[in-house]
Amino acid sequence: MDKGGEGGKFSANKAMKTISSVKELKENIKSWKKEGLTIGLVPTMGFLHEGHKSLIDRAVKENDRVVVSVFVNPIQFGPKEDLSTYPRDIERDKKLCSDAGANILFNPEASEMYFKDASTFVDVEELTEGLCGSKRPGHFRGVCTVVSKLFNIVTPDKAYFGQKDAQQLAVIKRMVRDLNFDLEVVGCEIIREEDGLAKSSRNTYLSKEERKAALILSKSLNKARNVLSEGERNTKSIKRVIEEVLNSEPLAKIDYVEVVDSITLKPVEKVEKEILIAIAVFIGKTRLIDNIIF
Ligand code: AMP
């Protein structure tokens, strides 16, 4: 690995580039490829936190060069969702990326990413039918389309995604396999606040009271883990336990609680193989997701 010297990792990091044009990004990628350098990609929607940073840190460790994309992708938001209010702070994001050792922050406008008459989209079937897929129609089509475009533009050796968005990670892995993308998808563990709340850009929407109430998500999953450890294998009972905990919090409104096979994402009745317990809960108006693998 190229770690230093002229044009090497340390000098390159000091001068992290922020690029908003696809053409310019491709030129940089081309010259890295000519040098035989490996490339890691971390796709994000910005307003970066420790969860994103853990992905960037890992990418910096495992690749010669790292591209972080910050793009609030309009086509993955539903008409009633929070596209216009999604938190943004590109200056803070630049500092976090640069401090973490990223080489390029790619921050395009929507008009740079999508042709006005764009007519090609990527749809992953089956895996997107349940969980967030059924609650957010068109969401994964938007995610898979933008991630495919980023893969084609950056041609990374490895791309980093968080287990926080468990369905997204499974869907992207399937897409990479099905479409023969020549890269490795690396899944990274969920980073949490000290009290257990999964870090999320959307946590910033929460009032003080809601922030306290939001703890109920991780609490309910911990309870589920406990009953599983005690030998419970009936997923109806496990769901009931989670729902009881969530319903004890007046500010929480369940969107879904599901126990599914961790690979197929199909609901299971009895826990026999590795399962994913995924929940989506409104705390006030803010929709939060969390999950555990068992
Ligand atoms: P987002 O900016 O929310 O689209 O997230 C960008 C990437 O960061 C996705 O792969 C997420 O799964 C990942 N991510 C977000 N929050 C966390 C977290 N708390 N821990 C680990 N990864 C995360």
Could you tally the net charge around T85, taking each other residue with its Cβ under 13 Å from the Cβ of T85, Lys/Arg +1 and Asp/Glu -1?
+3
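For region 163-252, which trypsin sites (Lys or Arg not before Pro) are in a loop by DSSP, counting at most 16 other Cβ atoms within 10 Å? Each step should come with its number before you reach the end.
On the way: sites: K164, K173, R174, R177, R192, K199, R202, K208, R211, K212, K219, K223, R225, R233, K236, K239, R240; in loops: K199, R233.
For trypsin sites (Lys or Arg not before Pro) across region 163-252 that sit outside H, G, I, E and B with at most 16 neighbouring Cβ atoms in 10 Å, the list reads R233.
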Test of the criteria: in region 67-149, which GluC sites (Glu not before Pro) are in a DSSP loop and have at most 12 other Cβ atoms within 10 angstrom of their Cβ?
E109, E125, E126, E129
Exposure ranking of L251, L276 by accessible area [1.4 Å probe, largest first]
L251, L276
Kindly provide log₁₀ I(q)/I(0) values, in the same order as q = 0.14, 0.24, 0.25 Å⁻¹, from the Debye equation applied to equal alpha-carbon scatterers of region 201-293.
-0.48, -1.16, -1.23
Phi to ³J(HN,Hα) by Karplus 6.51 cos²θ - 1.76 cosθ + 1.60 over region 214-221, Hz, x for Gly, Pro:
5, 4, 4, 4, 5, 4, 5, 6
What is the helix-to-structure angle for 50-62, meaning the angle in degrees between its Cα long axis and the longest Cα principal axis of the chain, kept from 0 to 90 and rounded to the nearest 10?
50 degrees
Convert each backbone phi in region 78-88 into a coupling constant with the Karplus relation 6.51 cos²θ - 1.76 cosθ + 1.60 (shift: θ = phi - 60°), then list the ³J(HN,Hα) values in order as whole Hz, x for Gly and Pro.
x, x, 9, 8, 9, 3, 6, 9, 3, x, 9
Solvent accessible area, Å² - H52, 1.4 Å probe, full protein context
30 Å²
Any idea what the relative contact order of the chain is, in percent, if you count C-alpha pairs under 8 Å spaced at least 6 apart?
16 percent
Keeping every protein chain present and rolling a 1.4 Å probe, give me the accessible area per residue for the chain in Å².
51 Å²
Hey, what angle do you get for helix 22-34 against the long axis of the chain, alpha-carbon based, 0 to 90 degrees rounded to 10?
70 degrees
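Could you compute the net charge surrounding R192? Neighbours are other residues with a C-beta less than 11 Å from the C-beta of R192; K and R count +1, D and E count -1. Please list the in-between numbers first.
Numbers: positive: K164, K199; negative: E50, E189, E193, E194, D195, D290.
Surrounding charge for R192 is -4.
Sort T145, T204, T38 by accessible area with a 1.4 Å probe, largest first. Don't skip to the answer; put the middle values down first.
Details: T145 5, T204 75, T38 45 Å².
Sorted by accessible area, descending: T204, T38, T145.
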Flagged as over-length at 24 Å C-alpha distance, from K17/K53; K53/K266; K53/K253; K164/K239; K30/K61; K94/K219, the pairs are K53/K266; K53/K253; K94/K219
Would you mind classifying the chain by shape? Square roots of the alpha carbon gyration tensor eigenvalues, ordered a ≥ b ≥ c; an a/c under 1.5 is rounded, otherwise it is prolate if a/b is larger than b/c and oblate if not.
prolate
Of L221, L55, L183, which is the most mobile in a GNM of the chain whose springs link Cα atoms less than 10 angstrom apart?
L183
Kindly report, to the nearest 10 Å², the accessible surface of C188 as traced by a 1.4 Å probe over protein heavy atoms only.
10 Å²
Residues meeting the amide H criterion for D255 (H placed from the backbone, H to H distance under 5 Å, 5 or more places apart or on another chain) are A280, V281, F282
Among F181, F115, F282, whose mean-square fluctuation peaks in a Gaussian network model of the chain (Cα, cutoff 10 Å)?
F115
The chain: most fluctuating residue of D157, D195, D57 per GNM, C-alpha cutoff 10 Å
D195
To the nearest 10 degrees, the tilt of helix 166-178 (Cα long axis) against the first principal axis of the alpha carbons of the chain is 50 degrees
Charge sum, other residues only, whose C-beta stays under 9 Å from P267's C-beta, Lys/Arg counted +1 and Asp/Glu -1
-2
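The values are calculated or read from the model by the stated rules, or taken from the named source; none is laboratory data. Fair warning: this is a prediction, and the values are worked out from it, not measured in the lab. Quick reminder, even Gly has a Cβ in these numbers, built from the backbone with ideal geometry, and neighbours come from all protein chains shown. Ligands, DNA and RNA are excluded from the accessible area calculation, which covers all protein heavy atoms including side chains. Shrake-Rupley method; radii C 1.70, N 1.55, O 1.52, S 1.80 Å.
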